[in-house]
1. Loop only by DSSP, 14 or fewer other Cβ within 10 Å of the Cβ. Give me the chymotrypsin sites (Phe, Trp or Tyr not before Pro) in segment 774-854 that pass, ordered by residue number.
2. Could you give me the ³J(HN,Hα) list for segment 399-406, computed from phi with Karplus coefficients 6.51, -1.76, 1.60 and θ = phi - 60°, whole Hz, x at Gly and Pro?
3. Please report the carbon-and-sulfur percent of the accessible area for segment 232-284; probe 1.4 Å, protein heavy atoms only, DNA, RNA and ligands left out.
4. From the protein chains alone at 1.4 Å, what is the descending order of accessible area for Arg422, Arg459, Arg183, largest first?
5. Can you pull a Stokes-Einstein diffusion coefficient for segment 803-854 at 10 °C (1.306 mPa s), Rh from Kirkwood over Cα pairs, as a whole number of µm²/s?
6. On the accessible surface of segment 286-379, probed at 1.4 Å, how many percent belong to carbon and sulfur atoms?
7. Can you tell me what share of the DSSP beta bridges in the chain is antiparallel? A percent to the nearest 5 is fine.
8. Please give the FRET efficiency for Arg577 paired with Leu97, using the beta carbon to beta carbon distance and R0 = 30 Å, rounded to the nearest 0.05.
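The values are calculated or read from the model by the stated rules, or taken from the named source; none is laboratory data. Predicted model only: the values in this text are computed from it and were never measured. As a convention, Cβ positions derive from the backbone with ideal geometry for all residues, glycine included, and neighbour counts pool all protein chains shown. Note: areas computed on protein heavy atoms with side chains; ligands, DNA, RNA excluded. Shrake-Rupley method; radii C 1.70, N 1.55, O 1.52, S 1.80 Å.
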Amino acid sequence: MSSSDRRPKGLFQALATITGFGALAGVMVTAMISPALAVTSVGANSAIGVFSALPEFIELGEQAQKNTLWATRSSDPADGYVAFAEVYWQDREEVRLSQMSPYLAMAAIAGEDRRFYDHTGVDVNSVVRAALGNVFSGEIESGASTLTMQLVKNTYIQRSQYLPTEEERQEAYATAIATSFERKLNEMKLAIGLEKRFTKDEILEAYLNITGFGGNTYGVQAAAQEYFGKTAKQLSAAESASLMAIVQFPTTRNLGDPANYAANEERRDIILAAMFAEEYLTEAEYTTAINTPVDDSFVTISPPTAGCLAADTYARFFCDFVIKNVENFDTLGATPEERNTRWRKGGLDVYTTLNMSLQTTAQDRIWELVPNDEERLQLGSASTSVEVGTGRVLTMAQNKIFDDSEEGGGISATAVNFNTDRAYGGSSGFQVGSTYKVFALIAWLQRGYGLNEVVDASRMELEQAVFLDTCGDGGGPWAGLWEFRNSADLLLPAATVFESTVRSINSAYAAMAEQLDQCEIRTAAEALLVHRADSGILQTNPSAVLGTNEIAPLTMAGAFGGIANGGVACEPIVVDRFVEAGGGRIEGQSSKCRQGITPDVAAAVAAPMRSVITGGTGSRSNPGGDVPVIGKTGTTDSQVQTWMVGSSTKVATAVWVGNVLGDYKMSNYRNGTVLRHDIWRIIMQDANEQYGGDSFPAAPDRLLQGSGIELPSITGMAVDEATILLESLGLKLEVTSGIDVGRVAVFEPVAGTYLARGMTVRVTSVGSGPGGELLGNVVVPNLVGLSVLDANTTLDSINMTGARFFSCGAGSVSSDPVDGTVISQNLGAGSVVWDYAGLQIRVACGVAPARSED
């Protein structure tokens, strides 16, 4: 008999049997359960009554299907969408019987239910055989189950997995597989009902699509792809029989483990023999199949074609993030359990927020600059971009390759998503360094201080006990000396808040934090939806102002997007819409945004952040072009982590490069401290080209000026008189050199400085002559108009040995006070001071002295 156009025999006998089966049902059931009745003293008529009371039918329905994830090709949906992943709860792809090899149906019938076309759901002969077995065992024999009854059982198993809670799922699963008369009777009754409602081919097709083949693999299509690397249509007789050999004992006979090969081959050969006996195979076909060993040459394990591990390489971490967000998809159900159930059902086209072209730019740049197989340190990098005003996650890239398999992918791979919180990707986040200063700046402005106010920048250690922290749950109380330093060991006596932000001056921000409640800084961060990646409480230790909290890049991008959005911060979302298999549309995630800080404060914070990009610590990140961007750099203690976070008015991007674990100093790595800039710049160039951007509003005057005090001259005043004056202005006086009962000879900052309230004026005092004149041994020269080099030479020539503090002032075109022209000095020309007196000198940095014309 040929292998084509062959149908299992017995169809005509089946038609005759269907007619008379109803009359036999009661007798059959009585025979089936008679041993139990003998024990329980239940009459046969009662048993038949129980059978009659069972449900008449069960709906088969569609089984769990794959969900397909889509990304936009660009910022414009009109450019179309690209599928980047197929994900599933169960690895299954339903196919029609006509799309399966005919050998599959033959193997299923020969191996599991030879009289499939002869019975109407329950095989009388098998029941009688099982009943005879029951006489001796008192148990239901498994051999009594037909394919239709197995379909009923598998359907109940599948339904159990859709229940909302784990407890309900386990209980329903246990009921579905329980060895009991009640379950067997229920299967028999429902099998009869199925046979009344569906054709034999429909039942066979459903069975082959629902059956498990080991692990998370269900249905013959997925099994054929996994074990043989081909479709169900392409399976040979040997391959079909080998698949059907799995169904009774999928754990010990599946082909995913070579240790199972022998058991699979033993059962497969029994099925092949049955196929030959039923004349489903010719002698030649049988001989070929039976002589094919089940070994590595027979089995072709294929990599998964679905799941995030099989997704587009560029989008695997985003795929994983989508799956971990299912419980947040409100439109899929009223509760997290309902949402999970709908997701498991599958069959959805999921149109995500991912912009594949921008994602490609980000991923390529990270792979280009940050290797994933570095052995000197556990080097990591991550970048994410979000749409300002909506929270739509546009990109999610990192240097490691996504691999969540049991084997892992070695040094170059990880299942940990560096961009997200622990709950959504396993990461505990990373210390964010000076990017956290923006939240201290927000708290500073909310207190009524201003950007142009000058703060102390001279101290490199502070006593932690003096810092106010009313939160009470941020890890304190704090005590002991807190030591820190500025980048490049910068030393300067004071700086404006604006300059301190642009140049990221740690000592200045430490002084600002000293004037604030540390809880205010935390509250400012939380207002922009900032939180620790490990779900812990943001710490409020004094050093937190310099970025000791571990936070995810996605969180930082969202916060900076909130600043760029007039203070309105948005939670991240990843799905725009769902489309069901029948074409029905389900809305995606709606934006969840809130006004975290006022628009005025947001504008004021953005002002120095703009200068960070145009001439400050983030100038290497400047993407150029016509779209304005703001930003802030961050480098942690010992340069273990480096950050660049910023935003246009349309797209916010966070880039982290550093140690996944360990404390390797990034400055010791080739270009280690500038990699973040070279990544961020390229991403934002593409983002600006695609999305554009508007200008940022100007900072309000009141937040520029704040509530500062113009420092009066106190030169020559008695120290106690100067103290009274400064305290009346909200300032403090500290004698750093000289005598407390003397007169003020030198003080810093210089007179006329717009000083923030609460700051300290440091004084050098000296004795006085009979007429009250200051005593000294040198006359201060006029330095205004000289270059920095000439000013130093002049002071050296009169043996002035005191400290000299140069800082950039008005008219500066650079941020380096080593080169430029002196524009003011705190000790007036002609003053008589001691040679150890210090000088504060303001410089127009980068400006050469004017040349006099001949």
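1. On the way: sites: Phe805, Phe806, Trp834, Tyr836; in loops: Trp834, Tyr836.
The qualifying sites: there are none.
2. My calculation for segment 399-406 gives 6, 7, 8, 6, 7, 10, 6, 5 Hz in order.
3. Values: 1170 of 2200 Å².
Solvent-exposed carbon and sulfur of segment 232-284 make up 53 percent of the total.
4. On the way: Arg422 120, Arg459 65, Arg183 40 Å².
The most accessible residue leads, giving Arg422, Arg459, Arg183.
5. 132 µm²/s
6. Numbers: 1860 of 3950 Å².
In segment 286-379, the share of accessible area belonging to carbon and sulfur is 47 percent.
7. Numbers: 69 of 89 bridges.
If I count the DSSP bridges inside the chain, around 80 percent turn out antiparallel.
8. Working: r = 34 Å, r/R0 = 1.12.
Efficiency, from the Cβ-Cβ distance: 0.35.
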